[in-house]
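What follows draws every value from the coordinates through simple rules; no lab data is involved. Values in this document were obtained by computation on a predicted structure and should not be read as measured data.
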Amino acid sequence: MKETLKISIIQSNLHWENAEANLKMFSAKIKNIEEKTDLIVLPEMFSTGFSMNAEKLAEPKHGNTLKWMINEAKTHNTAITGSVIIKEDENFFNRMFFVFPDGSYKKYDKKHTFTLAKENETYKDGTERLIVDYKGWKICPLICYDLRFPVWARNTEDYDILIYVANWPKVRTLAWDTLLRARAIENMTYCVGVNRAGFDGNDHEYVGHSAIYDVLGAKITSKDIGEFTETVVLEKQHIVNNRKHFQFLNDRDDFTLV
């Protein structure tokens, strides 16, 4: 078990519906990370922006963006996660890949598709939550609108890190900030939120506010808006000490999702 885990979050503008340009851009940003890192987190639909043009943009389940993620993970000996538009069995998915340094990977399909933007009319809902075991850390990766549904994120497996990748617009930034902190506090976990910046092809503005919160809800990243990469070290003992002292998770309700 690794007692510390170094996470790098990349907040960036995205080239609208241009996977080639986005992958080239993120390759450069990853190469510029000066220190060795264990995990790189990219935004939701990082290769295209949050587009409903799935018929044009979707890749096969072993498509080019996943191959790019595998190559970057192997090249830099780090894990990489972010979501991609995928077509499988005639359905479109907003699919989050967690790629390990050896090139193996796991996937999570977004459970709560964003009805306000009619994402549900294009993309099929996922049905299973994923818990990733990486270097002795248990990680729960989720996507954007999932953030509004605390039951789906409830920490019943004693996971250590909750990750949200997003295209969360400026007009609802208060909700983003508030809910990320709430998910950290109620689940006694590190909570990582990585959002995009800039304007998309529908003229929606994103100011980012990517952040990492500790198990008590304290923000441990320092940057906020614009384009940036920030790396922080998470400490397993911080989780252990606070869960042992407060024991809030011992009082959580039992429930079953149906």
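List of remarks:
- Residues with amide H under 5 Å from that of Tyr134, placed H, sequence gap 5 or more: Ile139
- Backbone amide hydrogens, once placed in the peptide plane, bring Tyr164 within less than 5 Å of Leu142, Val192, Gly193, Val194, excluding anything fewer than 5 places away on its chain.
- 3J(HN,Hα) couplings calculated from phi for the stretch 14-19 with the Karplus curve 6.51 cos²θ - 1.76 cosθ + 1.60 (θ = phi - 60°) are, in sequence order, 10, 6, 4, 6, 10, 5 Hz; Gly and Pro show x.
- Between the stretch 162-182 and the stretch 113-128, the alpha-carbon center distance in angstrom: 18
- Relative to the dominant Cα principal axis of the chain, helix 64-76 is inclined by about 50°.
- For the stretch 232-237, the Karplus equation 6.51 cos²θ - 1.76 cosθ + 1.60, evaluated at θ = phi - 60°, returns couplings of 10, 9, 9, 10, 4, 5 Hz by residue, with Gly and Pro reported as x.
- Greater than 21 Å apart at Cα, pairs in Lys31/Lys67; Lys2/Lys24; Lys6/Lys219; Lys56/Lys170: Lys2/Lys24; Lys56/Lys170
- In order along the stretch 91-100, phi translates into HN-Hα couplings of 10, 9, 10, 8, 10, 9, 9, 10, 9, 7 Hz, rounded to whole numbers, per the Karplus curve 6.51 cos²θ - 1.76 cosθ + 1.60 with θ = phi - 60° and x for Gly and Pro.
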